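Participant: Here you go, one structure.
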Amino acid sequence: MDLYITGAGVSSDSGIPTFRGSDGFWTIGSKNYTPQEMATRTMYKNNPGQFLLWYYKRFIKYRNAKPNKVHEYLVDKYLITQNIDGLDF
């Protein structure tokens, strides 16, 4: 049995930024806050509009993404993934 373990890099060819790359989700924050501040319950409670907009911009990329050749190769393999983009199915 072959087991594959994947993360954010697998989806980069589908147009989804990695977390720590130059255009990554943990690199690009808002005008006033770092990504680490944006992704907190405190931000949601204190600035819900800004919090939701930050996540909306992230999830819109997921919605428009298409599986790439790596996803297609892995479709019938044993896979453990950290991805939440839905392209691994």
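Where a number appears in this text, it was derived from the coordinates with a stated rule and is not lab data. The structure presented is a predicted model; accordingly, all values stated were derived computationally and were not measured. Glycine gets a Cβ as well: all are built from the backbone with ideal geometry, and neighbour counts include every protein chain shown.
Participant: In a shell of Cβ-Cβ distance under 12 Å around residue 67, excluding residue 67 itself, what net charge do Lys and Arg (+1) and Asp and Glu (-1) give?
Facilitator: Overall, the nearby charge balance is -2.
Participant: Report, in debye and to the nearest 20, how large the dipole of the chain comes out about its Cα centre when Lys and Arg carry +1 and Asp and Glu carry -1 on their Cβ.
Facilitator: That gives the chain a dipole magnitude of about 460 debye.
Participant: List the lysines whose Cα lies under 30 Å from the Cα of residue 45, skipping any in the same chain that are fewer than 8 positions away.
Facilitator: Answer for residue 45, where 30 Å is the Cα cut-off: 31, 57, 61, listed by chain and number.
Participant: Around residue 88, with a cut-off of 12 angstrom between Cβ atoms, what is the net charge of the other residues, counting Lys and Arg +1 and Asp and Glu -1?
Facilitator: Around residue 88, the charge tally is -2.
Participant: Under 19 Å from the Cα of residue 77, which aspartates and glutamates turn up, not counting those fewer than eight places away in the same chain?
Facilitator: Within the straight-line cut-off, residue 77 pairs with 2, 85, 88.
Participant: If you don't mind, there's one more thing I want to ask. Taking only DSSP H segments of four or more residues, each worth -39500 (n - 2.57), what value at 222 nm results for the chain once the sum is divided by all its residues, to the nearest 500 deg cm²/dmol?
Facilitator: That comes out to -10000 deg cm²/dmol.
Participant: Which is farthest toward the positive dipole end of the chain among 73, 52, 11, measuring Cα position about the Cα centre, with Cβ charges +1 (Lys, Arg) and -1 (Asp, Glu)?
Facilitator: Farthest towards the positive pole: 52.
Participant: Helix 48-64 sits at what angle to the longest principal axis of the chain, using alpha carbons and giving 0 to 90 degrees rounded to 10?
Facilitator: It is inclined by approximately 20 degrees.
Participant: How much FRET efficiency would the formula 1/(1 + (r/R0)^6) give for residue 69 and residue 42, where r is the Cβ-Cβ distance and R0 is 41 Å, rounded to 0.05?
Facilitator: The pair residue 69/residue 42 has a calculated efficiency of 0.50.
Participant: Turning to a different aspect of this structure: For residue 81, which sequence-distant residues (separation of 5 or more, or a different chain) have an amide H within less than 5 Å of its own amide H, given hydrogens modelled in the peptide plane?
Facilitator: Under 5 Å from the amide H of residue 81 lie the amide H atoms of 6, each far enough along the sequence or on another chain.
Participant: Would you compute the Debye intensity of the chain from its alpha-carbon atoms alone, equal scatterers and no solvent, and pass along log10 I(q)/I(0) at q = 0.18, 0.23 Å⁻¹ to two decimals?
Facilitator: -0.82, -1.10
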